[in-house]
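The values are calculated or read from the model by the stated rules, or taken from the named source; none is laboratory data. Every value quoted in this text rests on a predicted model; they were computed, and no experiment measured them. Methodologically, a virtual Cβ is constructed for each residue, glycine included, from the backbone with ideal geometry; neighbour enumeration extends over all protein chains shown.
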Amino acid sequence: MIIYESNRNWLRDVNHLYRSYTMQKIVRSTLWVGAGMTLINFLVHGVFKLTLWRIETGTFSLLGIVLSILLVFRTNSAYDRWWEGRRQWGNLVNNCRTLAMLLHASLPESDLESRRFMAAHIANFCIALKEHLRGGVKLTELIHVTAEERDLYGTKTHLPNFIAAQIQVNVQEKVRAGELTAADLLNIKPHTQTLYDVAGACERIKKTPIPFSYNVYLKLYISAYTLILPFGLLPNFGYVGVGLIMFIFFAFIGIELMAEEIEEPFGLDCNDLPIGDITHTIKQNVYELLEVGHPEEPKPKELYQKVF
Amino acid sequence: MIIYESNRNWLRDVNHLYRSYTMQKIVRSTLWVGAGMTLINFLVHGVFKLTLWRIETGTFSLLGIVLSILLVFRTNSAYDRWWEGRRQWGNLVNNCRTLAMLLHASLPESDLESRRFMAAHIANFCIALKEHLRGGVKLTELIHVTAEERDLYGTKTHLPNFIAAQIQVNVQEKVRAGELTAADLLNIKPHTQTLYDVAGACERIKKTPIPFSYNVYLKLYISAYTLILPFGLLPNFGYVGVGLIMFIFFAFIGIELMAEEIEEPFGLDCNDLPIGDITHTIKQNVYELLEVGHPEEPKPKELYQKVF
Amino acid sequence: MIIYESNRNWLRDVNHLYRSYTMQKIVRSTLWVGAGMTLINFLVHGVFKLTLWRIETGTFSLLGIVLSILLVFRTNSAYDRWWEGRRQWGNLVNNCRTLAMLLHASLPESDLESRRFMAAHIANFCIALKEHLRGGVKLTELIHVTAEERDLYGTKTHLPNFIAAQIQVNVQEKVRAGELTAADLLNIKPHTQTLYDVAGACERIKKTPIPFSYNVYLKLYISAYTLILPFGLLPNFGYVGVGLIMFIFFAFIGIELMAEEIEEPFGLDCNDLPIGDITHTIKQNVYELLEVGHPEEPKPKELYQKVF
Amino acid sequence: MIIYESNRNWLRDVNHLYRSYTMQKIVRSTLWVGAGMTLINFLVHGVFKLTLWRIETGTFSLLGIVLSILLVFRTNSAYDRWWEGRRQWGNLVNNCRTLAMLLHASLPESDLESRRFMAAHIANFCIALKEHLRGGVKLTELIHVTAEERDLYGTKTHLPNFIAAQIQVNVQEKVRAGELTAADLLNIKPHTQTLYDVAGACERIKKTPIPFSYNVYLKLYISAYTLILPFGLLPNFGYVGVGLIMFIFFAFIGIELMAEEIEEPFGLDCNDLPIGDITHTIKQNVYELLEVGHPEEPKPKELYQKVF
Amino acid sequence: MIIYESNRNWLRDVNHLYRSYTMQKIVRSTLWVGAGMTLINFLVHGVFKLTLWRIETGTFSLLGIVLSILLVFRTNSAYDRWWEGRRQWGNLVNNCRTLAMLLHASLPESDLESRRFMAAHIANFCIALKEHLRGGVKLTELIHVTAEERDLYGTKTHLPNFIAAQIQVNVQEKVRAGELTAADLLNIKPHTQTLYDVAGACERIKKTPIPFSYNVYLKLYISAYTLILPFGLLPNFGYVGVGLIMFIFFAFIGIELMAEEIEEPFGLDCNDLPIGDITHTIKQNVYELLEVGHPEEPKPKELYQKVF
């Protein structure tokens, strides 16, 4: 994600336009449409001296209403996904902190082994979830994993689930051994549950794009709309009309492509959520709360696949 | 559901147009309207040389505003159902995983019988719910069912309810026998409850379409609107007007039909939710979490009744 | 409620138009407006040969924007009530099932008396709530009520509350007698609480219509709008203008009246919720889950006061 | 609040127009604008025979779009506050009933003193909250208060908080004395918590109007829009234009003023919530559920400060 | 935040226009645009006597629809952040009060030390959170902090988390020492959890502005729209057109800048939330509820960095 300060310097932000992959693509498509329209205008008016049928602007307004319904729907549903993804990861942050805090309050201060086990497993859950959402867990990213665990992890089809289960199993064992009480068990359980809930919600967002019909219909509609635009704007305006067509096309294609960019927010696109950074924050917080020193790994630098 | 990658290749998606049943229907209706309008235009202008009353475009804009209110309402309420259905099934996934994880942590590792009982019942609840939402439970779909159970299941009017109750009864028996503690009972109960909540929510979505008045009013309105469109567009535009009428009709009928398609999301329509696949995922996850091997059944192939 | 299948047969649904009371009323008002406008047009143009001031269409668009804001607001808030009412009753279904399931799991299988008591009281709560929302409880609708209870019930101002309290009192007595455990008490309590929550939420929806100002303002606005429409459409269009006025009036009055119909969803209007049927479903499910045979009453036929 | 039946008699409601203070104000402002515009028109066209610049209607549509964005935002956020206020008080009703029911089930039937204490304190919490939201608690409104308590209450800056704390303290004492169990404590606690949540939410709604910038911007915009309207409508329409300006002004000012009226819903405006009546209902229900007779006070008549 | 009474005095509020920093900026930009347009108009029409291409108003309406989609989206998402921030702090108020009330009910009345510890730590959590959201905790703001604690606090990267953990640790110690019961632990835990949830939610709002693409796209669009406006309005209207351009620009820039102002609601902007005042209220309430006298600090005066 591009982190930016919402700093009210109008020009500075417009200036950063080209840092966004989607923006590049929007501008490029608009230029292509402009080139095509210029050619058409040149051929029709300059070479063949034809008179195009003229469609009045009112018709475009009418068709524009339907298009705006679809674009509003598209933008809102895409943004809702993006924002829900952010809320789920915010949830994960809160949940991991609370879980660490509860364990810190219940575990004896001297039981460093349990504390380290818990800190590492909470952090690993987040790392595994991040990787899981980005197309497959790389075991080397996990921290404090023994060779034995690494082998075990390799056999699991859903690693985040397994790590969360290990936490709960460990808590249950401590309850049976009398190290934690029944009240602790009741207090801790909602937080292992939330680990599953966040994982499931992220999978849902990732795997369920907007229904296929809407996606294809919107593209079809924008294409058809752009194809009849010349009949409305070229006859009267000529080359100025080409500029207007480019502007209108820019408007519609922009909203569509930006929605596509944010609707799956867990990838490495320019506007996707910084879940790598969030994971790192959780790791730091959990280790600090459980008072077991800081994890050794350096902060991973978030990569943006398609930018720069 | 058509699973597609939101991959930003504009043409590829438009290309897949004909894979959607609803899209076929939209295009077909539009072609019929086009044919009718061509005939009318031919008769009026070509044969009888009549002059149609002309209605100015402003009137259509005015009527178009009301139509757009209704279409926004229709699209949003249909999409909300679809998305709530998806969320409920996502919920079911999380809930079954958490339930399996809690049972895994509380049941002794050696008690394979209880683990198998739980895994089979959680999986069967999901299968039964899927079938229940698709018009009646086929008992042969369930897994690890004894002949005795099969007979018992046949007598129940609401099978998912009964299977969920069996899980709770079994947990209670274990608590009475001292195999599980009161804290376990308190921890596990919200998850049997969620099974009922998801089942009830899906039934609600399935059984409560948009109020009848809205449905019929919208259809009436679109029909009437299309009937007066020729008076606005044929007098001046002739055959070009036929094209515009088709485009406008395509826009309105498309939004209406796509909303109809997704408003009941549990069927086998092209854009319905892949609840068969989700059921399969739950089954796999539950068996893995309870560490009782994998269920024997092969992955059921989701069918699309009306596509291809 | 008119149950209909969202079956995609366009004409069949338009055909059912007259089964809806609201639709009849909308069509009737539209015809009256049409008759009035025809008379005015006849008098003005045919008899007195007057020239009306002409207001251009742009003005109507401007006024139409404000009207559309109000109608969107009206439709959404009315539908939200209707849908929240449906969700509350869906909630009640889930809750009664879960309550029955928990009692089934905790009560000894042989304690048929307690099971019958619980089943009858859960069912009676729903029946009493239904009647309470429809204007006063008829004690004869309740099932398995002794003469003594009937007398007691007659003295209560809020019967659903009292029946729900009886369930909780009975559970508490069983806990004191050692038949249920403290964990059972903690598990069961949220479900008696939900009975109160659903009852309160339905009362809230029923008793709080849209603020009076909005209601009267919207009616005033539509009336005024219709009164100036002739100045926009009759001068140029004559009798065709009468048709257009009827269409525009039909659009606005339709949205307003449909919103009025669904905003109080617990009555017996054509589009109101089928809470009689839902009550019946709960009764059946609860008796099946508690395994105490089926209740004797036949399924009550839901009546529609104003249809047919 | 004006309680009205949503009875579908169109004229009756329009007839009640003048019972609403806001409606009076809207109509009055509109008449003033009309008077001013008539004067201007008379001076410009009748006396000085000037020709005004003419602004075409399209410009007003463009500006109208922005205005409609703001008015939709205004209406929705105001209505959300009103409806959230209603939901919070509905919540309070449910919560007080459930609390009374739980106490009824747990307290011995003979312990009339505790029951009376609880009934009076729950009722007093609601009364104190109502007064607190309306600008300061009058101690004389509370019921069954001893002189000693009255003195104590006078020293508290946040009386509802204190009364709710007394309930919880009393419950804790009973738990320590063995009259209530730990499970009762766990069951009752969410309901004293909800008392705080409702009080806090109502304070939030009351103290946080829409951001000041939006408020002032909207007023500025409507004023400016009305000031340029004459240039659009007077040149062509003359005195008919005055009527149209009044209608348009009526539309915009109406939506703004109605939003202002409902955005702080706890006062005594005509459309504010009937929280006095709701308080009375809670009092009756709580006394009935705890079976300690009815409270002595007569039903307080809700006053409307600005109506009639 | 500017606290204002929504008092229905139209002129008074418009009068306060200049107290808002954002309003100043909007007016200033509008004046600059006006100056530029006047110059252009003077050069084009007065000096060089050129004829500009004329773009008809319909085109601007079409482009205006897209712009309005973006502005609605912008306004709603910004306001949602602002309102969610307010709800979170309202939550914090309720939560701290409930936590204090529960501790008051459970701690012995004589245990003033524990009460003071709890009151100070709850208050300090809120103060630390406020500072944390405003760019770094100043330890001098905290109350009743010993020198030793101050040193410890200085080493923590996330101070609010640490203070909340101290509360939970203290409660756990009391449970182990038998001063509080297991039921108390279960009752208190959700409230330390909520401290983490509120802190996390505020961080989420603060750190996640609207996706960068949308931000830059909207600015680009408004800039481009303003640049082509002269071609639509100057040719026919001349200097009157300059006024209209200023009005339209004022409309669009206003909505954009107001959204920017409220989207990060924890700062010291004119419309930001009064979290300093809320913190003060919590402090007072908590001390009153725990009955340990009032905290010594004077009420901090909320500063507005950019106003006056």
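Some observations on this one:
- Check on B:A120, within 18 Å of the chain's Cα centre (by Cα), in a helix (DSSP H, G or I) and not basic (K, R): no
- Among all residues of the range A:109-121, there is at least one that is away from chain E (no Cβ under 14 Å) and either touching a His at 6+ places or on another chain (Cβ under 6 Å) or closer than 30 Å to E:N215 by Cα (or both).
- None of A:V169, A:V240 is touching a helix residue (DSSP H, G or I) at 6+ places or on another chain (Cβ under 7 Å) and of a type in the set (A, V, I, L, M) except A:V169.
- C:I282 being touching a Lys or Arg at 6+ places or on another chain (Cβ under 9 Å), more than 10 Å from every other protein chain (Cβ to nearest Cβ), part of a helix (DSSP H, G or I) and at pLDDT 90 or above: yes
Residue-wise test of (1) at pLDDT 90 or above; (2) among the β-branched types (V, I, T); (3) surrounded by fewer than 23 Cβ atoms within 10 Å (Cβ to Cβ).
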| site | (1), (2), (3) |
| --- | --- |
| C:A182 | yes, no, yes |
| C:T192 | yes, yes, no |
| C:E203 | yes, no, yes |
| C:T208 | no, yes, yes |
| C:L220 | no, no, yes |
| C:S223 | no, no, yes |
| C:I255 | yes, yes, no |
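- Filter result for the condition that a residue is closer than 29 Å to C:T30 by Cα and either under 27 Å from the mean Cα position of the chain (by Cα) or in contact (Cβ under 8 Å) with a residue 24 or more places away in the chain (or both), over B:I248, B:I253: B:I253
- The single condition from (1) surrounded by fewer than 20 Cβ atoms within 10 Å (Cβ to Cβ); (2) assigned to a helix (DSSP H, G or I) that B:G178 fails is (2).
- Any hit, the range B:55-67, residues being within 10 Å of chain C (Cβ to nearest Cβ), surrounded by fewer than 19 Cβ atoms within 10 Å (Cβ to Cβ) and outside any helix (DSSP H, G or I): yes
- Tally, over the range A:144-172, of residues that are farther than 17 Å from A:Y196 by Cα, assigned to a helix (DSSP H, G or I) and of a type in the set (A, V, I, L, M): 2
- Sole residue being in contact with a Gly (Cβ under 6 Å, 6 or more places away or on another chain) and at pLDDT 80 or above, chosen from C:I69, C:I26, C:I40, C:I55: C:I26
- Members of the range B:82-99 found to be more than 7 Å from chain A (Cβ to nearest Cβ) and among the aliphatic types (A, V, I, L, M), listed by number: B:L92, B:L99
- Residues located in the range B:157-181, provided they are at the interface with another protein chain (Cβ under 8 Å from one of its Cβ atoms) and more than 37 Å from the chain's Cα centre (by Cα): B:V175, B:T181
- Conditions (1) crowded, with 23+ Cβ neighbours inside 10 Å; (2) within 25 Å of E:S223 (Cβ to Cβ); number of the one not met by A:T279: (2)
- The number of residues in the range D:202-219 being of a type in the set (D, E, K, R) and within 17 Å of E:A251 (Cβ to Cβ) comes to 1.
- The number of residues in the range E:201-257 that are part of a helix (DSSP H, G or I) and within 11 Å of chain A (Cβ to nearest Cβ) comes to 28.
- Subset of the range C:103-117 [in a helix (DSSP H, G or I) and not hydrophobic (A, V, I, L, M, F, W, C)]: C:H104, C:S106, C:E113, C:S114, C:R115, C:R116
- Test: residue in the range E:73-89 that is acidic (D, E) and closer than 30 Å to E:A224 by Cα: yes
- Residue within the range D:71-81 that is more than 30 Å from E:F60 (Cβ to Cβ), more than 12 Å from chain C (Cβ to nearest Cβ) and touching a helix residue (DSSP H, G or I) at 6+ places or on another chain (Cβ under 8 Å) present: no
- Of the criteria (1) assigned to a helix (DSSP H, G or I); (2) modelled with pLDDT under 85; (3) not polar (S, T, N, Q), which one E:G267 fails: (1)
- Total residues in the range A:182-191, condition more than 7 Å from chain B (Cβ to nearest Cβ) and either under 24 Å from B:G178 (Cα atoms) or among the acidic types (D, E) (or both): 5
- Scanning the range C:260-270 for residues that are within 20 Å of C:A201 (Cβ to Cβ) and in contact with a helix residue (DSSP H, G or I) (Cβ under 8 Å, 6 or more places away or on another chain) yields C:I262, C:E263, C:E264, C:P265, C:F266, C:D269.
Every residue, every condition in (1) free of Cβ contacts under 8 Å to residues at least 24 places away in the same chain; (2) of a type outside the set (V, I, T); (3) closer than 30 Å to E:R74 by Cα, yes or no:
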| site | (1), (2), (3) |
| --- | --- |
| A:R28 | yes, yes, yes |
| A:W32 | yes, yes, yes |
| A:V47 | yes, no, no |
| A:E56 | no, yes, no |
| A:T75 | no, no, yes |
| A:A78 | no, yes, yes |
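- Number of residues in the range D:123-136 that are in a helix (DSSP H, G or I) and among the basic types (K, R) equals 1.
- First in the range D:184-205 and closer than 10 Å to E:T98 by Cα and in contact (Cβ under 8 Å) with a residue 12 or more places away in the chain, second anywhere and basic (K, R) and surrounded by 22 or more Cβ atoms within 10 Å (Cβ to Cβ), Cβ under 6 Å, 6 or more apart: D:Y196/E:R97
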